[in-house]
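Beneath this line is the structure, given in structure tokens, with notes to follow.
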Amino acid sequence: MKESILALITGLVVGFLFALFRLPIPAPPAFAGVVGIVGIYLGYKLFMWVSPMFQQSS
């Protein structure tokens, strides 16, 4: 939970600074960005679930 709060605070600060300096936001459009992040997370979880099936037993 602490990591999530720190990530949110960091994102807020970065977003604020980009707006302050009138820079383009360093993220894809909102929905596409969220879907991309979810896809990365699910791909990681899928790998962790599937990888033991391909390990050779000694």
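Details
- Answer label, with mean projected area of the Cα convex hull in nm² calculated from the coordinates and candidates (i) 4.6; (ii) 3.7; (iii) 6.2: (iii)
- Selection of chymotrypsin sites (Phe, Trp or Tyr not before Pro), the chain, meeting DSSP coil and at most 10 other Cβ within 10 Å: 21
- The trypsin sites (Lys or Arg not before Pro) of the chain that meet both conditions, a loop assignment by DSSP and at most 11 other Cβ atoms within 10 Å of the site Cβ, are 22.
- Distance between modelled label sites at residue 5 and residue 30, nm, 7 Å Cα→Cβ extension: 2.6
- Between residue 17 and residue 49, the simple spin-label model (points 7 angstrom out along Cα→Cβ) gives 3.7 nm.
Since every read-out is calculated from the coordinates, none of them should be taken as a lab result. Predicted model, so just to flag it, every value in this text is computed and none were measured. Cβ atoms come from the backbone with ideal geometry, glycine included; neighbour counts cover every protein chain shown.
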